[in-house]
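K.L.:
So that we are looking at the same thing, I have put the structure below in structure tokens.
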Number of protein chains: 2
Amino acid sequence: MSSLKTRIEAANDRAFDILRGGKPRLVGVAPALEVVPGMAPNLILHSAPAIDWADMSGPHRNGIIGAALWEGLAATPEEAEAKLASGEIRTAPCHHHDTVGAGAGITSASTPMLIVENESYGTRAFSCISEGGGLRLLKWGAWSPEVLENLTWQAKVFAPILDAALQASGPIDLKLIISRAVEMGDECHNRSVAATALFLRQIYGALVALDMPKEDVRASIKFLVESEHFLLHGIMAAAKSMLMAAEGIEYCTLVTAMARNGVNFGIKVSGLGDRWFTAPANPVRGLFFRAEWSDADAAPDLGDSSITETVGLGGFIQPCAPTVTQYVQGSVAQAIANTRDMAEICHGSNPDVRIPAMDFAPGPLGIDIRKVVKTGITPLLDTAITHRDGGLIGAGEVNAPMGCFADALKAFGEKYAG
Amino acid sequence: MSSLKTRIEAANDRAFDILRGGKPRLVGVAPALEVVPGMAPNLILHSAPAIDWADMSGPHRNGIIGAALWEGLAATPEEAEAKLASGEIRTAPCHHHDTVGAGAGITSASTPMLIVENESYGTRAFSCISEGGGLRLLKWGAWSPEVLENLTWQAKVFAPILDAALQASGPIDLKLIISRAVEMGDECHNRSVAATALFLRQIYGALVALDMPKEDVRASIKFLVESEHFLLHGIMAAAKSMLMAAEGIEYCTLVTAMARNGVNFGIKVSGLGDRWFTAPANPVRGLFFRAEWSDADAAPDLGDSSITETVGLGGFIQPCAPTVTQYVQGSVAQAIANTRDMAEICHGSNPDVRIPAMDFAPGPLGIDIRKVVKTGITPLLDTAITHRDGGLIGAGEVNAPMGCFADALKAFGEKYAG
């Protein structure tokens, strides 16, 4: 037993060092079909864990239908539904294609993807570019002619300009941006205003110098300036690229993915390979953006953006962003208590993510399923609230369910101690 | 006596409302000679309070000599000194010309000035544009051929481009930027990284659209991106424009200016007109940027940038920017205690400046000389440390001396109760 414990600790130390040592860099933008492994013209990705078309939540169903129409895979929503039911149009979790998607995470062949490379370990992860602000977006499982027109503009005009600017500027160091943004009011999940501003500062010079139509460049800059949380998707891909490097380490009990599909909450564990361990997703505690909305309208917890908490951002470092505590009528004291709770379930702390309101204490990093089960504390996630029928309606926080951690630990015991 | 107290309270309420109601907007950039009231070709401004050439500190003397050379008023430092001694080259405090200058505050006829208008009250204030980062700059009382070349580039290339962008973008709302920046790790004196990033975000679109030489625009953007605290000077002019509107209110005991000249610390009081009340400037407590420097190298407290504290920013809201507490080996708890102290000497609190680490409590605003004298608490300033011979050597904090407040209160009593 002592030997098993020693092996686990060594494996966890190794995974932790890999997480800490990651150097994610944003290197470019390209259509999903060109860069995402296993992407296909009739494949639509959604936020994980895996779920059949028939069982999906409203935001996923609507978002996938919207993407099918946008890609020209169907002419009407009815045709799309029929083709989805028959399998002529396929669906799969983003995570199965080295991709992470916020909200419903809708990603299809033409979707312009941020490409993030983890320089230290050569892993490469993807996330769609942000559709900008607004309550009704494909990523919230809402579509309309305007939503699809915006996607087309992004794919045809904006993405090539952003990619050209990135090629001219060279890779953007996302680790450095994250380290600075957490000192500037971002926890890098529900809030990434500073990260986005720091990112924009780095590419404006290249944008200005582009030999591309001035009107398109101006429109692209306008879009970037108005998209206050643009870089969240880049941070998500950065987190995925860091975690991919820590996957598949034998004996390792650290979590390598947390994701929700509006029905289930799922985790992956390094020593347990590609298997998802799931439990019903919890409802989100939070603030609704309009008085007309209430808990009854809300879909259960949704999206891959919890990849940020999986690398110790978001709900794990709430004191960095007191603004997000306002969604839950919280306080700085409560946020600090939450971070201390998260430290209880983590392998170590990360000197590259420091918390100003805690006198620059390093943030917790590396969720250990053993500690979750032992303490009864589950990861705390900052998150959006999505309407059951699609659309963003609020923001708040949610705890992961215990069930998936307990199941994973049981499976771990069966594999390694059984 | 009750009647006097009532009059004072009414006057202070009015001044406070004027401070709160200010809407400073950055409207343009122009050479000092074109826009600064009373500017003249042979006049060199410096940070206040007023001081004779013979009595000035090293940073002021060096900076003024540098400006004389840059303007072509003298061919050698010796010639400049002779003309300054004879009065052929004149000096005056920035404050006497609706201007505020950081550090030595060196401002001459060709200096490109930020123009800030207080939309609510029609006041207009100025501050030179930032020379960028670096330890040896004219504003730190250091000059060299490189420093003067940079000034020439700023005046001939950068300032016209920035002005053209501002004219195209329209006025920039500095009040809004300040409100957001204090939620993003800035206290808007020793740290203005977020404010600068938010400002840049607003003018990039206009910069890109300029019909000006592309290389010059690129160089200007590069300069802006590398000048992390560029907007400090804009915030200073904003503060001055807000305070100018509250000057000269009979019976008012609120402070309308705090400034230091490396020898004396001076204040002005609304009800006491243009008179400076001074006391010897205190040494700055802080961190030296190189091991070779110590207290023995430091000039006493210097610069007009304490105009930020005069409107409740900087040292008054240290918990907004835990990074600046690192200069004094401080803590968030100490920063919060400091803000509570500042609230003791202020007339009220400002809902437009909220402190995240204090659960968004509004910051203190409006220094009342009566409360300073009664409590024995003097304003706390975040500040730079300047070398006795010029050059930036550190950063930290300093308390205003009590003497100038006691003298002002005495003068107030003589004027209104005597």
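Nothing in this text is a laboratory measurement; each read-out follows from the coordinates by a stated rule. Quantities reported herein were computed from a predicted structural model and do not represent experimental measurements. All Cβ positions, glycine included, derive from the backbone under ideal geometry; neighbour counts span all protein chains shown.
K.L.:
Short version: ³J(HN,Hα) in whole Hz for each residue of region B:370-382, in order, from phi by Karplus 6.51 cos²θ - 1.76 cosθ + 1.60 (θ = phi - 60°), x for Gly and Pro, what are they?
P.N.:
Taking θ as phi minus 60°, the curve returns 5, 6, 4, 5, 5, 8, x, 9, 9, x, 9, 10, 7 Hz for region B:370-382.
K.L.:
So how many Å³ per residue does the convex hull of the Cα atoms of region B:157-269 work out to?
P.N.:
134 Å³
K.L.:
Does anything in region A:104-141 have its amide N under 15 Å from the 7 Å Cα→Cβ label point of A:R290, and if so which residues?
P.N.:
Answer for region A:104-141: A:134-137.
K.L.:
Scaled to the compact-protein estimate 2.2 N^0.38 Å, what is the alpha-carbon radius of gyration of region A:3-61, rounded to two decimal places?
P.N.:
Region A:3-61 yields a ratio of 1.80.
K.L.:
Next up: Of all DSSP beta bridges located in chain B, what percent are antiparallel, nearest 5?
P.N.:
Counting DSSP beta bridges with both partners in chain B, the antiparallel share is about 90 percent.
K.L.:
Compute the projected area of the convex hull of the Cα atoms of region B:1-131, averaged over all viewing directions, and report it in nm² to one decimal place.
P.N.:
Hull-based average projected area comes out at 10.1 nm².
K.L.:
So in region B:22-162, what percent of DSSP beta bridges are antiparallel if you round to the nearest 5?
P.N.:
75 percent
K.L.:
Same structure again: Whole-Hz Karplus ³J(HN,Hα) for region A:253-260, in order, using 6.51 cos²θ - 1.76 cosθ + 1.60 and θ = phi - 60°, x for Gly and Pro?
P.N.:
Working through the residues one at a time gives 9, 7, 6, 10, 7, 10, 8, 9 Hz.
K.L.:
What FRET efficiency do you get for B:E250 and B:K410 if R0 is 22 Å and r is their Cβ-Cβ distance, rounded to the nearest 0.05?
P.N.:
E(calc), rounded to 0.05, equals 0.80.
K.L.:
Still on this model: What's the local net charge at B:R25, with K and R +1, D and E -1, over the other residues with C-beta under 13 Å away?
P.N.:
0
K.L.:
So, one more: Can you pull the one-decimal nm distance between simple spin-label points at B:A337 and B:S120, each 7 Å off the Cα toward Cβ?
P.N.:
Modelled inter-label distance: 3.4 nm.
K.L.:
Okay, moving on. Modelling each spin label as a point 7 Å along the Cα-to-Cβ direction, I'd like the B:K83/B:A417 distance in nm, to one decimal.
P.N.:
5.0 nm
K.L.:
Follow-up question, since we're still on this one. Taking every pair of distinct Cα atoms and averaging 1/r, then inverting, what Kirkwood hydrodynamic radius in Å comes out for region A:249-417?
P.N.:
16.2 Å
K.L.:
Could you please rank A:S306, A:S179, placing first whichever residue has the fewest other Cβ atoms within 10 Å of its Cβ?
P.N.:
Final ranking by Cβ density, sparse to dense: A:S179, A:S306.
K.L.:
Roughly what would the spin-label model give for A:A168 and B:M402, points 7 Å off Cα along C-beta, in nm?
P.N.:
Those two pseudo-labels are separated by 6.0 nm.
K.L.:
Could you please state, rounded to a whole Å, how far the C-alpha centre of region A:262-293 is from the C-alpha centre of region A:157-206?
P.N.:
27 Å
K.L.:
Considering amide H positions built from the backbone, and no H for Pro or chain starts, which residues 5 or more places from A:D359, or on another chain, come under 5 Å of its amide H?
P.N.:
Amide H neighbours of A:D359, under 5 Å, 5+ apart: B:V332.
K.L.:
On to the next question. With 24 Å as the limit, write out which pairs from B:K139/B:K371; A:K23/B:K214; B:K268/B:K374; A:K5/A:K268; B:K23/B:K410 have Cα-Cα distances beyond it, or answer none.
P.N.:
B:K139/B:K371; A:K23/B:K214; B:K23/B:K410
K.L.:
Given only helices, namely DSSP H runs of n ≥ 4 each adding -39500 (n - 2.57), what is the per-residue ellipticity at 222 nm of chain B, to the nearest 500 deg cm²/dmol?
P.N.:
Rounded to the nearest 500, it is -11000 deg cm²/dmol.
K.L.:
Can you give me the relative contact order of chain A as a percent, contacts being Cα pairs under 8 Å and 6 or more apart?
P.N.:
Normalised by residue count, the contact order of chain A is 20 percent.
K.L.:
Next question, about the same structure. Within 10 Å of each candidate Cβ there may be at most 15 other Cβ atoms; applying that plus a DSSP loop requirement, which trypsin sites (Lys or Arg not before Pro) in region B:241-278 survive?
P.N.:
In loop regions of region B:241-278 (DSSP not H, G, I, E or B), the sparsely surrounded trypsin sites (Lys or Arg not before Pro) are B:R275.
K.L.:
Given Cβ point charges of +1 (Lys, Arg) and -1 (Asp, Glu) and nothing else, what value in debye, to the nearest 20, does the dipole of region B:242-417 about its Cα centre take?
P.N.:
Rounded to the nearest 20 debye, it is 280 debye.
K.L.:
Let me check against my output: what whole-number percent is the relative contact order of region A:249-417, with C-alpha pairs under 8 Å and at least 6 apart?
P.N.:
Reported as a whole number, the value is 27 percent.
K.L.:
At a 10 Å Cβ-Cβ cut-off, how would you order B:L207, B:L73, fewest neighbours first?
P.N.:
Least crowded to most crowded, the residues run B:L73, B:L207.
K.L.:
I've got another one for you. Can you name the helices of chain A, as whole DSSP H runs, whose Cα span along the helix axis is 24 Å or more and whose Kyte-Doolittle mean is not below -1.0?
P.N.:
A:2-21, A:193-209
K.L.:
What is the sum of charges around B:A361, taking Lys and Arg as +1, Asp and Glu as -1, for the other residues whose C-beta is under 10 Å from the C-beta of B:A361?
P.N.:
Overall, the nearby charge balance is +1.
K.L.:
If you don't mind, another one. Over the Cα atoms of the protein assembly as shown, Rg to Rh with Kirkwood Rh, two decimal places?
P.N.:
Using only Cα positions, Rg/Rh for the protein assembly as shown is 1.02.
K.L.:
Charges only on Cβ, +1 for Lys and Arg, -1 for Asp and Glu: so what's the dipole of the protein assembly as shown about the Cα centre, in debye to the nearest 20?
P.N.:
980 debye
K.L.:
Sticking with this structure for a sec: Can you check how the C-alpha radius of gyration of chain A compares to 2.2 N^0.38 Å, as a plain ratio?
P.N.:
So chain A has a normalised radius of gyration of 0.92.
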